[in-house]
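The values are calculated or read from the model by the stated rules, or taken from the named source; none is laboratory data. Note that the structure is a prediction, hence the values are computed from the model and not measured. Note that each Cβ is placed from the backbone with ideal geometry, even for glycine, and that neighbours are counted across all protein chains shown. Heavy atoms of the whole protein, side chains included, go into the accessibility calculation; ligands, DNA and RNA do not. Shrake-Rupley method; radii C 1.70, N 1.55, O 1.52, S 1.80 Å.
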Amino acid sequence: MEEIQIPPYFICPISLEMMKDPVTISTGITYDRENIEKWIFSAKNNTCPVTKQSLITGIELTPNVTLRRFIQSWCTINASHGIERFPTPKPPVSKPQIIKLLKEAKSPKMQMKSLKTLRSIASENDANKRCMESAGTMEFLASIINNNSNDVFEEEEEGFMSTKDEALSILYQLKLSEQGLKSLIMSGNGEFIESLTRVMQHGSYESRAYAVMLMKDMFEVSTPTHLVLSLKQEFFTQVVQVLRDEMSQKATKASLQVLVHACPFGRNRVKAAEAGAIRVLVDLLLDSSEKRVCELMLILLDQLCQSAEGRAELLNHPGGLAIVSKKILRVSKVGSERAIKILHSISKFSSTPSVVQEMLRLGVVAKLCLMLQVDCGSKAKERAREILKFHAKAWRNSPCIPNNLLSSYPF
């Protein structure tokens, strides 16, 4: 490869490597299919990487067959230089092919086989995923998941796989468009959310993980609706259970994100607290060191502690106040700000004499004094100062506060 110059028009402008499946977009620029699909569909860009022009709706990737044949011929001619000729790429699936497959999948005898074929097609490239969505695959898979009748199981190498398990894994794998996700969350007046809740309750570990990860994608694109505002208690119970089971890092993070999206609303905070979310969060925080996961846990704890039920649950946990205080200045600026907000809520609304003394004994007061001495953000500092002023009579002259920190105590 060092002895021969690759023609510049064989090079993909994104990867700067020789193209194997050149396709041309509406701006007239040619890219390797894999790279431009990642740019458009995975990274969700809507401009041409080279010209920066906006791409029209319904993006078409036109195979540049002539250029591909030139590249293959050039590879063959230069085989003596160690250049291998790549095979002709498999063309993307067409919409009529998907529609035919979906019709076949409606037959109970053919359903599992058709689902496996759909999974294989979806795994090939992003263009196939978009084609499958436009052909109605999302609606078909959702109908299988929504079906309350007896599930069909088929034995595989790793055990028994149900049609619902297969349909759910494909649906998550499709990485649906924003519009597709919105239509899922609104479908049947919340029917699909209830179906995913049942999967989390009765499904396999893998299906429960897919259910909560798909729900995370749905909640990220949904604006507050009556469906999010009226989520049932069982929903929170099952999401918290997925969180408790720690099935995978992705499932844990997705569970936290789902609850964070659901809990800006008062009723949902109470339901999450009653589902045991506080105890699970505190237990997980005791062992967690991953920055983003800790941030999400503290954000969620902050939301839940804005309700009386949430504050009571935190105070009932032997390690509640201690772990919140410990995470200050140990996670990130966001983590510290949220931890201070939690302590502020406790101090303002739930500060019984025993709680005030407990905060002193655990070193919470010393940590608050430290916050006034370091660069931690003006809002966090102001809240720390307010907490110290709330309980100045009980804390100010305490021997539990080191002298070097006592000088920071606001008078």
- Message: Taking the Cα centroid of the range 187-227 and of the range 379-393, what is the distance between the two, rounded to the nearest whole Å?
- Response: 40
- What residues from the range 225-263 fall in the zone where the backbone N is under 19 Å from a label point 7 Å along the Cα-to-C-beta line of residue 189? 225-235
- Message: Per 0.36 nm of contour for each residue apart, how much would the distance between residue 223 and residue 361 grow if the chain were fully extended, relative to their Cα-Cα spacing?
- Response: 45.4 nm
- Message: If you consider only alpha-carbon coordinates, what radius of gyration and Dmax does the range 63-117 have, in Å?
- Response: 18.8, 54
- Note on the structure: Protection proxy (average C-beta count within 10 Å per residue), highest first, orders 191-197, 296-302 as 296-302, 191-197
- extent check for the range 6-136: Cα max minus min per principal axis, descending, whole Å, gives 54, 38, 21
- Using every pair of alpha-carbon atoms in the chain, split the distances into 10 Å bins beginning at 0 and state the percent of pairs per bin, rounded to integers. 4, 18, 21, 19, 17, 12, 7, 2, 0
- In the Gaussian network model of the chain, springs joining C-alpha atoms below 10 Å, which of 87, 63, 96 carries the largest mean-square fluctuation? 87
- With label points set 7 Å from each Cα along the Cα-to-Cβ direction at residue 392 and residue 291, the distance between them in nm comes to 3.7
- Message: Please report the carbon-and-sulfur percent of the accessible area for the range 296-344; probe 1.4 Å, protein heavy atoms only, DNA, RNA and ligands left out.
- Response: 46
- Message: Given a 1.4 angstrom probe, what's the average accessible area per residue across the range 2-82, in square angstrom?
- Response: 61
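Report the full-extension gain for the segment residue 205 to residue 403: residue separation times 0.36 nm, less the Cα-Cα distance, to one decimal in nm.
66.0 nm is the gain from fully extending residue 205 to residue 403.
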- Where Rh is the Kirkwood radius over Cα pairs, Rg/Rh for the range 1-83: 1.03
- Item | Between helix 233-245 and the chain: long-axis angle, C-alpha atoms, 0 to 90°, nearest 10 | 80
- Taking the Cα centre of each part, how many Å lie between the range 10-46 and the range 127-145? 25
- Query: Given labels modelled 7 Å from the Cα in the Cβ direction, how far is it in nm from residue 119 to residue 350?
  - Reply: 4.4
- Charge dipole (the chain, unit charges on Cβ, about Cα centre) - positive-most of 373, 176, 362: 373
- Query: By how many nm would the segment from residue 250 to residue 76 grow when fully extended, if each residue of separation counts as 0.36 nm and the alpha-carbon distance is taken off?
  - Reply: 58.2 nm
- Query: For the residue pair residue 99 and residue 274, what label-to-label distance in nm results when each label sits 7 Å from Cα along the Cα-to-beta-carbon direction?
  - Reply: 4.8
- Message: How tilted is helix 163-173 with respect to the longest principal axis of the chain? Cα atoms for both, answer in degrees (0 to 90, nearest 10).
- Response: 90
- Determine, from the Cβ-Cβ distance of residue 182 and residue 43 and an R0 of 22 Å, the FRET efficiency 1/(1 + (r/R0)^6), rounded to the nearest 0.05. 0.60
